[in-house]
Structures are given as C-alpha cells and as structure tokens.
Amino acid sequence: MAELNSLFMDAAETKAAILGEGFLYKFLDEGIMKDHFCVLTDKRIYVKGTYFHNTDGAYRIRKGDYTIDVKNVISTGFSTARFGGVFLLELFFAVFLTVLTGFFLRFVEIIDHIYFGMDSILWVCSILLTIGLIAVPIYYYFNPFKIFVIEYGSGKIAFLAFEYLEDDFRLFQRQLYKAKDALSSAASDRTDYETGEAAQPEKPEALKELSSAFSILDENASCSENMHML
C-alpha cells in the first residue's frame, strides 16, 4: 500500500480533508483509479482522476492530476452548470427512442399480423421526434447540474455535487479556509517582522559625531586619572 504523503509535493504536509476517500484508498491499495478524489493539505489541493475544468467560461471534462496552492484559492461554493455533451446525448436519446418505436411497431405488424401501415408508423415517429426535440432543450435549460466549485487564480475546478454528501463538501470548505487563514497569518507575521527590522532608524550624522566626541572625552578622562595615580 502506498503512503498518502507520497502524493504530496512536500512530505511534511498534513492532510486536512478528502473528497472521494473510498476512491483514494482504493488507488493507494491497488493502484486503480476508478473515478476521482481530491485531497486537501495545509498547503495544497491535490486532484486526481476525472474532474471539470474551466479556464475560459466553459466547463470541460479533464482527466489527470492537478495541484492548486491553498494560498491561490479565491473562493469555493455550490453553483450550476450546463454541459454541451449532455445536451447532445439527450438529443441522441430522443432520436434513438423514435427510431426504436418505429422498429417496434413494424415488429408488431410482422408478429401479430396487425397492420398499421407505413404512413401511420411514420406519423407516430414524427410526433415522438417532435416532442423529443422540444422537450430536450427545455429540460436542458431548466435542469442544470449542481456542482461544487473551487476557484483559484487562473481558473476553476469543479465536481458534480451528487457524487458526495453535502456535509463532505462543507467540511472540505471549512478545512480549506482554516488552512488559508493559517497561511495568511504566517505570511503577515513574517511581513511584520521584516518591516520592523527595516524600519529601525539609523543614527543621524550629528548624533554619531556627538557620540564619537563623548567617547574621546571618556578616553582622555581615563588617561588623566591614570597619570594622577602614577
């Protein structure tokens, strides 16, 4: 079984949350990638498998590995999206159902010796096709898919919301913003320290000269004391 931290860029990273835990451990146990998983650490988000990617206003299916720095995450949340591939599949199904109906009526004619007539069969098929071509766009428009989106600097990563429980997504969100807040706090502390170091004022030239003069007087006084003692 492979170790979880073998997936991380930095072995010191700590796991914070997982989407698709079952797929993750199956991958670690057997090396089989069936769907996808998303692992959040204290520094990065690791996505492996099939996911939706949006860089130009449209979501497209991608398959592979993707890594996002937590500090670059802009927002997360639920949204809706429509996928052109699904629309084409629905249209294909409507046409396929119409053709299947035509063959079925023709089959009934042959087996049961019930004569419908080719005109009647074509009429029924044309009605079904018309209904399908009207219903599919309406259904497509009014029933978009619910997705969970992670937006970062140059694009968006998304997953279908029905793939996991909503509580899993909410937990992932909470842990993500905890990690983001921790990184922001650490960066702020470092910036304050560097700023404080740089802001320490140098002594003015006049003050430097005055300090040098006092040092010389102290040395002369010390010499005088030594001579009196002699």
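The values are calculated or read from the model by the stated rules, or taken from the named source; none is laboratory data. Because the structure is predicted, anything quoted here is derived from the model rather than measured. When we count neighbours, we look across all protein chains shown, and the Cβ atoms used for this are built from the backbone with ideal geometry, even at glycine. SASA here: full protein model, heavy atoms, side chains in, ligands and nucleic acids out. Shrake-Rupley method; radii C 1.70, N 1.55, O 1.52, S 1.80 Å.
Structure notes:
- Annotation: amide H of ALA17 within the under-5 Å range of LEU40, sequence separation 5 or more or interchain, hydrogens built in the peptide plane.
- Hydrodynamic analysis of the range 45-157 uses the Kirkwood radius over alpha carbon pairs. Inserted into Stokes-Einstein at 37 °C and 0.692 mPa s, it gives a translational diffusion coefficient of 187 µm²/s.
- Residue-by-residue Karplus 3J(HN,Hα) for the range 32-41, coefficients 6.51, -1.76, 1.60, Hz, glycine and proline x: 9, 10, 8, 9, 7, 8, 9, 10, 9, 10
- Charge sum, other residues only, whose C-beta stays under 15 Å from PHE8's C-beta, Lys/Arg counted +1 and Asp/Glu -1: -2
- For the range 82-195, the share of accessible area belonging to carbon and sulfur comes to 69 percent (1.4 Å probe, ligands and nucleic acids excluded).
- Listed by chain and number, the lysines placed with their C-alpha closer than 27 angstrom to that of LYS71 are LYS15, LYS43, LYS48, LYS63, LYS146, LYS156, LYS178, LYS180; residues fewer than eight positions away on the same chain are left out.
- Sorted on the mean count of surrounding Cβ atoms within 10 Å across their residues, most packed first, peptides 5-15, 151-161 read 151-161, 5-15.
- In this Cβ point-charge picture (+1 for Lys and Arg, -1 for Asp and Glu), the range 1-92 has a dipole of about 280 debye about its Cα centre.
- Nearest-0.05 FRET efficiency for ASP167 and MET9, computed from C-beta distance (R0 22 Å): 0.20
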